[in-house]
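The values are calculated or read from the model by the stated rules, or taken from the named source; none is laboratory data. This structure is a prediction, so every number in the text was calculated from the model and none was measured. Positions of Cβ are generated from backbone atoms using ideal geometry, with glycine treated the same way; all protein chains shown enter the neighbour counts.
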Amino acid sequence: MSLHYAPGETPVVVTPLGFVVLDAATPASLASRIRGLVADGRGLGGVIEALTEAHGVSLAAIPPFAVALVEGDSVRFAVRGDITLAVEAHDGAVEMSGSGVTTWNERMIPGVTRISVAASPSARPAELVVFDGVVLASVIEWDAASRAVSTADSAGFDELWGETIVRAPAHPAAEDTVEVSVEIAGDHDGQTISLAQARAMRAAPHDDAAEHDSTPTPLAPPRPPAPGRIRVSSGQVVVLDRTVVIGRRPRSTRVTGTDLPHLVAVDSPQQDISRSHVELRVEGDSIVATDLRTTNGTTLLRQGAEPLRLHPGEATIVVPGDVLDLGDGITVAVEHLP
Amino acid sequence: MNRTGATVVAVHGAATDAGLRRAVNEDSFLAAAPLYLVADGMGGHQAGEIASAAVIDEFAGLTGRMSLTVDEVHAAFLRARHRVEALPPGAGAGAGTTLTGVVVADIEGEGYWLALNLGDSRTYRLSRGVLEQVSVDHSVVQELIDSGSLDAVSAAQDPRRNVITRAIGAGSDGEPDYWLIPAERGDRMLVCSDGLPGELDADGIREILIAEADPQRAATRLVDEAVRRGGRDNITALVVDALTVRSRSTVSDDHDTTPPSPDADEIDGDTRPRALAAGGS
């Protein structure tokens, strides 16, 4: 992933795997640490971890951020705070915002062609290129069209075992600039909550859910190492100390190192349930559930709220008390650790 | 290799050739239940050969088991890496090797392929006629493709295509990638060094895997074909066929998920979805 940018004051972390827009007040050491974590493939979890360590575990203290990580043909986005991010994809323009969300807004978008971020309105054109590193930017642009551009010259590339890739910039193909704007605000949105508040809410998740009607309420206070466990209606109880994939014949995606997900197989006589149906993973202090683009979907049941069908491929934060309905009589209850 | 009680009972074929340009075959392989692994050594002056053989020898100690866990496999990997790093000057010092393949695993009684990869050797799975590349190369070219900087067509010609980003030894401390894939009866796994895909594209590989029912004949023909097309590198191919797979599910997994139908309630627990059941009974 390479980015074009114009100089400014907003730290932007760029790695071959994706980029992270940070708050202007972010110390350089923290930005460098985040660059290392993202480059190591630690993903969103790594970013959250680094920010939590730096700013304390209070949710309210975590500054706004925007994360974009390439995963196969899709890009995983996570946006926190008063940031609006519009993305151009094959399916059309998409806007993403972190406002009104207590933690952050996360989404997978396939076929992304262009992302650009305007941190300040009177910015210069994004003409400088960066492949890997941390830059201070006012405007950044990422263009998938560069994948069709040949990789200029490779002369001088002799680092046989290096992790670093150096190549001449490929300029984005001349095409209509898609309007994408992101406003990076220094302050949070007034809806953030403190750790104590989050704990109180977790203790009474039902009341909270009722207030927010069908919108899944993202909140999950930290309690490392495992923020909870799940109980499958077929009897299995699994502690969420690592990612769990539930399905008829679940499969793990690529994992570096031995931290393979726990695979939970469930019977589905009517084959209503997909082979890999739903994933539960721990992101920082939260439990997030993702329907793995299944045929028949996954429904989130939260007391006091209307049943909500999970958006395929998009992470939704779940809390103890929530129940996921996979179909064919199989449900998964999210529970506190005893 | 028929072992009652194994979660996956497999038969295999294996073939290897130094190719037409290299004096030495630096590839090593292990094909004995429950491990099917290929290591492609690099380093010159036979050092690569020593490195790949050392890694395979370390894993050879795990043969004969019904299945292995990822922790057992990873422990063997760590021992193998230590051995490669400790190779003495003149006999492998500084050399490296790739490693890829599949190991039979038992996940709560069900048969799984535990696939692993480090470097640019490859593991493929042929399932119901569809060839899927399971492993993802640790190479500069693959990183460029992943980042959208390079398309697959250009990648085949890219001068950096032999530059890998992780290996055992050779100064790399990279970790392997692992995958857990539910095994199915009839699965055909192909484990090979990069000399095979370097000469044969995916369609060419798939055609041979489908045409040759016998795994040994398939492995031999893959290697022969790669040699005939230039044999610019060492070529090794392991073909592993799953004869039986243990699964606790009472339902045949020969069918994918079916959409809900208004009549779904009428289908009892042992019945396949209506459209499919009609043909079977």
- Query: Just wondering, is there one or more residues in the stretch B:84-106 that are polar (S, T, N, Q), farther than 26 Å from B:Glu184 by Cβ and not in a helix (DSSP H, G or I)?
  - Reply: yes
- Message: So, in the stretch A:23-65, exactly how many residues are buried (at least 18 other Cβ atoms within 10 Å of the Cβ) and among the aliphatic types (A, V, I, L, M)?
- Response: 13
- Message: Residue pairs, Cβ under 8 Å, 6 or more apart or interchain, first in the stretch A:2-22 and more than 14 Å from chain B (Cβ to nearest Cβ) and surrounded by fewer than 23 Cβ atoms within 10 Å (Cβ to Cβ), second in a loop (DSSP other than H, G, I, E, B) and among the basic types (Lys, Arg). List them.
- Response: A:Ala6/A:Arg124; A:Pro7/A:Arg124
- Task: Would you check which residues across the stretch B:131-141 are buried (at least 19 other Cβ atoms within 10 Å of the Cβ) and over 13 Å from B:Leu99 (Cα atoms) and list them?
- Result: B:Val134, B:Ser139, B:Val140, B:Val141
- Query: How do the pairs read when you match residues in the stretch B:209-232 that are under 23 Å from B:Ala10 (Cβ atoms) with residues anywhere that are surrounded by fewer than 13 Cβ atoms within 10 Å (Cβ to Cβ), using Cβ under 7 Å and keeping only pairs 6 or more apart or on different chains?
  - Reply: B:Ile210/B:Gly129
- In the stretch A:263-270, is there at least one residue being surrounded by 20 or more Cβ atoms within 10 Å (Cβ to Cβ), at pLDDT below 90 and assigned to a loop (DSSP other than H, G, I, E, B)? yes
- Task: Could you look through the stretch A:273-294, keep only residues that are part of a loop (DSSP other than H, G, I, E, B) and at pLDDT 90 or above, and pick out the one that is nearest to the other protein chains (Cβ to nearest Cβ)?
- Result: A:Ser274
- Message: Tell me which strands (runs of 3 or more DSSP E) are completely within the stretch A:65-124 and hold 1 or more residues being closer than 15 Å to A:Val139 by Cβ, or say none if there are none.
- Response: A:65-71, A:74-89, A:112-118
- Take B:Leu126 and decide whether it is under 20 Å from B:Glu72 (Cβ atoms) and of a type in the set (A, V, I, L, M, F, W, C). no
- Query: Looking at the stretch B:79-115, which of its residues are buried (at least 24 other Cβ atoms within 10 Å of the Cβ) and within 12 Å of chain A (Cβ to nearest Cβ)?
  - Reply: B:Gly96, B:Ala105, B:Gly111, B:Tyr112, B:Trp113, B:Leu114, B:Ala115
- Item | Matching residues in the stretch A:217-253 - criterion: being at pLDDT below 85 and either under 21 Å from B:Gly109 (Cβ atoms) or surrounded by fewer than 20 Cβ atoms within 10 Å (Cβ to Cβ) (or both) | A:Pro222, A:Arg223, A:Pro224, A:Pro225, A:Ala226, A:Thr253
- Item | Residues that are among the β-branched types (Val, Ile, Thr), more than 17 Å from the chain's Cα centre (by Cα) and more than 9 Å from every other protein chain (Cβ to nearest Cβ), drawn from the stretch B:123-169 | B:Val141, B:Val153
- Query: Which members of the stretch B:170-192 meet the condition of being farther than 25 Å from A:Ser276 by Cα, in a strand (DSSP E or B) and more than 10 Å from chain A (Cβ to nearest Cβ)?
  - Reply: B:Cys192
- Has the stretch A:312-319 got any residue that is within 14 Å of chain B (Cβ to nearest Cβ), of a type in the set (A, V, I, L, M, F, W, C) and in a loop (DSSP other than H, G, I, E, B)? no
- Message: Residues to consider are A:Ser74, A:Ser99; find the one that is out of contact with any Lys or Arg (no Cβ under 7 Å at 6 or more places or on another chain), farther than 27 Å from A:Leu292 by Cβ and among the polar types (S, T, N, Q).
- Response: A:Ser99
- Query: Can you name every residue in the stretch B:1-28 that is in contact with a Leu (Cβ under 7 Å, 6 or more places away or on another chain) and crowded, with 24+ Cβ neighbours inside 10 Å?
  - Reply: B:Ala10
- Message: Can you tell me how many residues within the stretch B:173-205 are buried (at least 18 other Cβ atoms within 10 Å of the Cβ) and touching a residue at least 60 places away in the same chain (Cβ under 8 Å)?
- Response: 21
- Tell me which residues, restricted to the stretch A:320-338, are within 17 Å of A:Val244 (Cα to Cα), surrounded by fewer than 21 Cβ atoms within 10 Å (Cβ to Cβ) and within 14 Å of chain B (Cβ to nearest Cβ). A:Asp325
- (1) crowded, with 22+ Cβ neighbours inside 10 Å; (2) in contact with a helix residue (DSSP H, G or I) (Cβ under 7 Å, 6 or more places away or on another chain); (3) not acidic (Asp, Glu): which one isn't true of A:Val70, the others all being true? (1)
